[in-house]
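Report on the structure given below.
The values are calculated or read from the model by the stated rules, or taken from the named source; none is laboratory data. Treat the numbers as computed from the prediction; the structure is a model and nothing was measured. Ideal geometry is used to build each Cβ from the backbone, glycine not excepted, and the neighbour counts take in all protein chains shown. The accessibility values were calculated without ligands, DNA or RNA, using every heavy atom of the protein model including side chains. Shrake-Rupley method; radii C 1.70, N 1.55, O 1.52, S 1.80 Å.
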Amino acid sequence: GFRVRDWQVGNELDGEWEEGGPLSARQYAARFLAFARAMKSEDPDIHIHGPLYSTHKFFEKGAGLMDGKLWMPEFLRIVGEAEVKDGRHYLDAVDMHTYPYWAADSLNAADMLKASMTAGPAFDSLSRWMSVYLQGTREVQLSEFSSTVLATPVTMRSVQATVIANMFAEFAVRFGDRGHVLPWDVHGG
C-alpha cells in the first residue's frame, strides 16, 4: 500500500562478509528470479534492481563453480535466458557497488586516484555483457561508490573529491540518462 516503486534484491551476496554469502552467480540468479517473479506478479509496474554486486573488478571474481566463468556475466546470462523464456523483464536495473582503493598499509593520494581509474574500463565490460545477455535497454545503478571504505586521513583531502568526480564521470559517460549514482562512505568509515 506504500507504492514503493524500486526494489533491490539482496546486497553484495557475492561476498563472504554478507550473511548468507557468498553465493555463486547461479545461486544468486535463482534467488533473484524467484523474488522478481513473485514481486512482479503482485505489481508488474515495480522496478527490480540486482545483483548489487560488490565491486567493479569483474575479472577477479569467478562465478563460483570453478568453471572459468565470471560472476557478473554469468548472472546476466542466466537472468537474460529466463527473461526470454518467460517473455518478460525481471531485471530493470543492473546495480553494483565499488570501492577500488584497498591499501591499508600504504595509503596515498596517487594510488587512490590510480585505483579510481580502473572503473571506466570495467563499466565498458558491463555494458558489453548487458548488450549480449539482456534484451532491451536497462538502467544501471552505482548505488554505492567511493574511493574506499577504510577510515583514513587521505579521504579527508582533496584527492577524495577528485576520485568521486572521476568515478562519476566515467559512469556518466557510459550510462548517461539511464544511470544513477549514490556516493557512499565519502569520508571513509
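List of remarks:
- Residue count for segment 51-86, restricted to those that are open to solvent by less than 10 Å² (accessible area, probe 1.4 Å) and either among the β-branched types (Val, Ile, Thr) or at positive phi (or both): 2
- Subset of segment 87-130 (residues that are over 18 Å from Glu60 (Cβ atoms) and assigned to a helix (DSSP H, G or I)): Ala109, Ala110, Met112, Leu113, Ser127, Met130
- In segment 11-32, the residues that are surrounded by fewer than 20 Cβ atoms within 10 Å (Cβ to Cβ), closer than 22 Å to Asp86 by Cα and either modelled with pLDDT under 95 or hydrophobic (A, V, I, L, M, F, W, C) (or both): Ala30
- One residue from Ala82, Ala63, Ala115 being modelled with pLDDT under 95 and more than 16 Å from the chain's Cα centre (by Cα): Ala115
- From Asp111, Asp45, Asp95, residue being out of contact with any Lys or Arg (no Cβ under 9 Å at 6 or more places or on another chain), surrounded by fewer than 17 Cβ atoms within 10 Å (Cβ to Cβ) and acidic (Asp, Glu): Asp111
- Condition broken by Ala38, with the remaining ones in (1) surrounded by 18 or more Cβ atoms within 10 Å (Cβ to Cβ); (2) in a helix (DSSP H, G or I) satisfied: (1)
- For segment 138-159, the condition holds for at least one residue, the condition being that it is at pLDDT 90 or above, within 19 Å of Phe75 (Cβ to Cβ), charged (D, E, K, R) and open to solvent by 50 Å² or more (accessible area, probe 1.4 Å).
- Residue among Glu144, Glu139 that is of a type in the set (Asp, Glu) and closer than 19 Å to Lys57 by Cβ: Glu144
- The selection criterion, being touching a His at 6+ places or on another chain (Cβ under 7 Å) and closer than 23 Å to Val173 by Cα, does not hold for Ala115.
- Options Tyr133, Tyr90, Tyr101: the member that is farther than 16 Å from Phe32 by Cβ and surrounded by 18 or more Cβ atoms within 10 Å (Cβ to Cβ): Tyr101
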